[in-house]
Amino acid sequence: MHPGLIVSAALIAGLSGGLLTRYIAPPVVLAQGQTTTKEIRAQSFTIVDSFNRTIGAFTVEPVSTPLGGVGIKPGVTIVGRIPPKYPPLMRMVLRGSDGQEIWSATEDSK
């Protein structure tokens, strides 16, 4: 057989088979309805490997200040205890399996 004829026959067979399955095959049925989660809320995420060993953790923790207070906004004078209208400043932290800090980001002090 001629090589060009073989390639042409294979191309025609592939195209016709693809078109036939589009019209003959039953429609796809999903077992569950598709839902989209708009928001996931958590205080921490733990990253594990395929053996369920902890690789790292992504958490939120309060910011420590040099004065020993927790989350005091810059320019605020403290007399006595921390006023309740100032919630503690928080930071996001990524820690490795050994507990060492790999990355962190502090929220903007407004």
Restricting segment 25-63 to residues that are among the polar types (S, T, N, Q) and closer than 16 Å to L94 by Cβ, the residue that is farthest from the chain's Cα centre (by Cα): T54
Single condition F45 does not satisfy, out of (1) touching a Phe, Trp or Tyr at 6+ places or on another chain (Cβ under 8 Å); (2) modelled with pLDDT of 60 or more; (3) not in a strand (DSSP E or B): (3)
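Restricting attention to segment 1-44, which residues are touching a strand residue (DSSP E or B) at 6+ places or on another chain (Cβ under 7 Å) and of a type in the set (G, A, S)? Spell out how you get there, then give the answer.
As a first pass, look at segment 1-44 and keep what is touching a strand residue (DSSP E or B) at 6+ places or on another chain (Cβ under 7 Å): 43-44.
Answer for segment 1-44, where residues must be touching a strand residue (DSSP E or B) at 6+ places or on another chain (Cβ under 7 Å) and of a type in the set (G, A, S): just S44.
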Neighbours by Cβ (under 8 Å, 6+ apart or cross-chain): first from segment 49-66, among the hydroxyl-bearing types (S, T, Y) and in a loop (DSSP other than H, G, I, E, B); second modelled with pLDDT under 90 and surrounded by 13 or more Cβ atoms within 10 Å (Cβ to Cβ): T65/G71; T65/I72
Test: residue in segment 9-18 that is polar (S, T, N, Q), assigned to a helix (DSSP H, G or I) and modelled with pLDDT of 80 or more: yes
Residues that are within 17 Å of W103 (Cα to Cα) and among the aromatic types (F, W, Y), drawn from segment 34-63: F45, F58
Boolean, R81 is modelled with pLDDT of 65 or more and either exposed (fewer than 10 other Cβ atoms within 10 Å of the Cβ) or out of contact with any helix residue (DSSP H, G or I) (no Cβ under 8 Å at 6 or more places or on another chain) (or both): no
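The values are calculated or read from the model by the stated rules, or taken from the named source; none is laboratory data. Just so it is clear, the model here is predicted, and its values are computed rather than measured. Cβ sites come from the backbone with ideal geometry, for glycine too, and all protein chains shown count toward neighbours.
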